[in-house]
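One structure below.
Read-outs: derived from the displayed coordinates by stated rules, not from any lab. Owing to the predicted nature of the structure, the values given are computational and were not obtained by experimental measurement. As a convention, Cβ positions derive from the backbone with ideal geometry for all residues, glycine included, and neighbour counts pool all protein chains shown.
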Amino acid sequence: MMLDFIQNNAGTIIIGAIAAAILAAVLIGLVRKKRSSDCPARRGK
Amino acid sequence: MSLKIAIAGNPKCGKTTLFNTLTGANQFVGNWPGVTVEKKEGRLKGRKDITLTDLPGIYSLSPYSPEEIVARGYLLDEKPDAVLNLIDGTALERSLFLTTQLLEIGVPVVCAVNMMDEVRKQGVKINVPQLANELGVPVLEISALNKTGLTEAIAEVLHSAQSGKPAAPRHCFSGCVEHALAHIEEYAPHNRPAHLRHWYAVKLFERDDDMAEKLGLTDAQLAHIEKNIRTCEAELGDDSVSLVIQDRYAYVDRVAAPALRFSRKSGSLSLSDKIDLIVTNRVLALPIFAVIMGFVYFVSVSGIGGTLTEWFNEGVFGKGWIFFGHDIPGIPELLGSLLESLNVADWLSSLILDGIVAGVGAALGFLPQMIILFFFLAFLEACGYMSRIAFILDKIFRRFGLSGKSFIPILIGTGCGVPGIMASRTIENEADRRMTIMTTTFIPCSAKLPVMALIAGAFFGGAWWVAASAYFIGVAAILFSGTLLKRTKPFRGQSVPFVLELPAYRVPTARNLAHSIWERGSSFIKKAGSIILLASVLIWFTSSFSFVGGVFGMADDMDNSLLAAFGKEIAGLFAPLGWGDWRSAVATITGLVAKENVVSTMGVLFHTDEESLEATLAGAYSPLAAYSLLMFNLLCAPCFAAIGAIRREMNGPKWFAAAIGYQCALAYFVAMWVYQFGRLFTGGGFGLGTVAAIVSAISFVWLLVRKNAHKLHEI
């Protein structure tokens, strides 16, 4: 039954997995960029 | 043996051009710790053991700006093996001021006179050997732009670095100052290297608190030093800092005058001067500025930019286009066919086509217009015209409580509001600085261009004046705000004087233009592939799903979705502005994440397979309501990144709240006036909204023209 499910929805599973991976990569990239950004600036004397 | 070489010089003397040429792609850019001054380091091409550091552009080593503090800290603490002092050959005396200080810090120095091509064009000859003889250090001619003299300069710098022989300053101060310095040297920096004692003595004489703290002087020592300083000041009748500056410039004059020869008659005008006679003319300056900006927006939005964007939106991200007789399907058509052939579930197809492609495509569709606008702005900046704008607008800005100095952040804000807000640090007057921070984002940044282009395309036939009017209304909002705020207690006071050096006009290089366009364009594409992508997915999800009969699932109609439920709660707020429906309200809210999201959200919420986004929008709003929507999004609080910059720069939650509150309030009222008065004059009727608009307009006019109780009287 599981095999039938996979066979019937192969397209959805593959495309869904690709889309999820892309979105996850984008989200992780944004979170990493936010964490690695420099400390808030202070004014010079 | 690894060596560290620092490149130091005035701003705009060609350091970065030189640095980029010497390091190529082998560079890394970050920030100096604790400040947002950019730190650039790189390896010399072909010599991985040589590290080059591009120091921030500075006029002196005094501790008044973050750039000067960073540069001085690096030179004294990290001690590079040599300094390559880049001198602007077209401004020799000004550049040599910094040179006199670099010669005092005990590091090997090599001077390179840059822009020699420009110097020769101006008919000036610089006697470089004479300069070298006077300064006591190697001096060479280079042109970083034309890449001449660079090999010799590097060879000389490496030789100096390897020899380790520090520069010995040839200049000295006046007798009284030298006497005071000698006394100070006795008291202070005994434990410091011998070749640095004079430098520390000069800094202490200038009452440099940073140096005093660094040297760990006792109160008794400081008191004695102060006594010496006061004695000298009393004798010469001026403060210690001025005395040092005067002596330095006197030395620079003695060195530079014999080394300079002018072939054209003194007093005759250079080509730049002749152009400035017209461009900065009292009468012609502003009309010329208006014509140039009008032309820029005409070509970017309506001309070739409009044509290319139409192809992008309706071809690449639409149904397709014809290429030499062949039908090329657009991305939605291609993806749609692929998803259908793979028998992908409806919800996933909808996510990809109605969410991601519709949202990201709507924003990316305006890329051609943005690229062309970036080209023009980069050209105007690189050729030197933008400096003239700051000069021209200074007089006008003063009448409205600002100064031309405020225009520099605003000018930078035409690219992105974040560096524009941070550039306000150059304004010493705190009230003016805060006012500039509050008003910088009124000028349309590049992220707002897709919004302007969408409104222009959907409602005004792609007319160029829509985007140009947004630009000028932004400037008007800044002037209006200056007048209004200067009449309040927190912002009272005279604006500071504005001193600006107008660089010579030059033809920008294709390489620099391409680099500038690439930087901005790629930043936009990255944003589209990240923030806008995620926002489009979120918008799609919340506009496609809801609780149907208590069960969570796909909504049969977008009007019944989760997003519609939220949007309808807030839409009423915008009813007086003419666009009180949930879609435009939600689009405006998502614009807080990134202004391009206004377009991508509309792309998702107004997406149909039958017609283009512009056609759908044209059927949903009137042109007046659309222009009101544009005004609100133009003037209201900027994106989160810029809001974060405002929070940091305002240094206080109350000021931050005041800034954002003011921006939103002004945006609301301006949008309301546009819609309500526009309706009144086009026979749309008179209602409560019209009354509110009249009352608020009268109040604002009163605020502008009332007597300024906080005006400081001039003596």
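Points to keep in mind about this one:
- Each peptide in B:51-60, B:238-247 gets a packing score, the mean of other Cβ atoms within 10 Å over its residues, and the list from highest to lowest is B:51-60, B:238-247.
- Per residue, the average separation of C-alpha pairs within less than 8 Å and at least 6 apart gives the stretch B:3-163 a relative contact order of 23 percent.
- Computed over the stretch B:314-434: relative contact order in percent, which uses C-alpha pairs under 8 Å that are six or more apart: 12
- Which of B:435, B:672, B:554 has the fewest Cβ neighbours within 10 Å, and the rest in rising order: B:554, B:672, B:435
- Computed from Cα positions, the angle between helix B:640-650 and the longest principal axis of chain B comes to roughly 40 degrees.
- Residue-averaged beta-carbon neighbours from other chains (10 angstrom radius) around A:12-22: 4
- Crossing angle, helix B:367-383 versus chain B [Cα axis fit, 0-90 degrees, rounded to tens]: 20
- Going by neighbour counts of Cβ atoms within 10 Å, the residues B:157, B:604 line up, fewest first, as B:157, B:604.
- Residues B:310, B:614, B:186 in ascending order of nearby Cβ atoms (within 10 Å, fewest first): B:186, B:310, B:614.
- Per-residue ³J(HN,Hα) for the stretch B:396-411, Karplus 6.51 cos²θ - 1.76 cosθ + 1.60, θ = phi - 60°, Hz, x for Gly and Pro: 5, 4, 4, 5, 10, x, 10, 9, x, 4, 6, 6, 4, x, 5, 4
- Whether the protein assembly as shown is rounded, prolate or oblate, judged on the alpha carbon gyration tensor where a/c under 1.5 counts as rounded: prolate
- Relative contact order, whole percent, for the stretch B:175-262 stands at 32, derived from Cα pairs under 8 Å and 6 or more residues apart.
- The listed peptides B:296-303, B:476-483, ordered by packing as a protection proxy, come out as B:296-303, B:476-483 (highest mean of other Cβ atoms within 10 Å first).
- Average partner coverage of B:340-349, which counts Cβ from other chains inside 10 Å: 4
- Burial order of peptide ranges B:77-85, B:595-603, B:212-220 (average beta-carbon count within 10 Å, highest first): B:595-603, B:77-85, B:212-220
- Antiparallel bridges, percent of DSSP beta bridges restricted to the protein assembly as shown (to nearest 5): 55
- Shielding score for B:522-531, defined as the mean number of other chain Cβ atoms within 10 Å: 1
- Label positions at residue B:568 and residue B:280, each projected 7 Å from the Cα along the C-beta direction, are separated by 6.1 nm.
- Out-of-range pairs (alpha-carbon distance over 20 Å; input B:121/B:274; B:526/B:595; B:448/B:654; B:486/B:654; B:45/B:147): B:448/B:654
- The protein assembly as shown, helix-only ellipticity at 222 nm - DSSP H runs n ≥ 4, -39,500 (n - 2.57), divided by all residues, nearest 500: -18000 deg cm²/dmol
- C-alpha long axis of helix B:430-440 to longest principal axis of chain B, angle in °: 40
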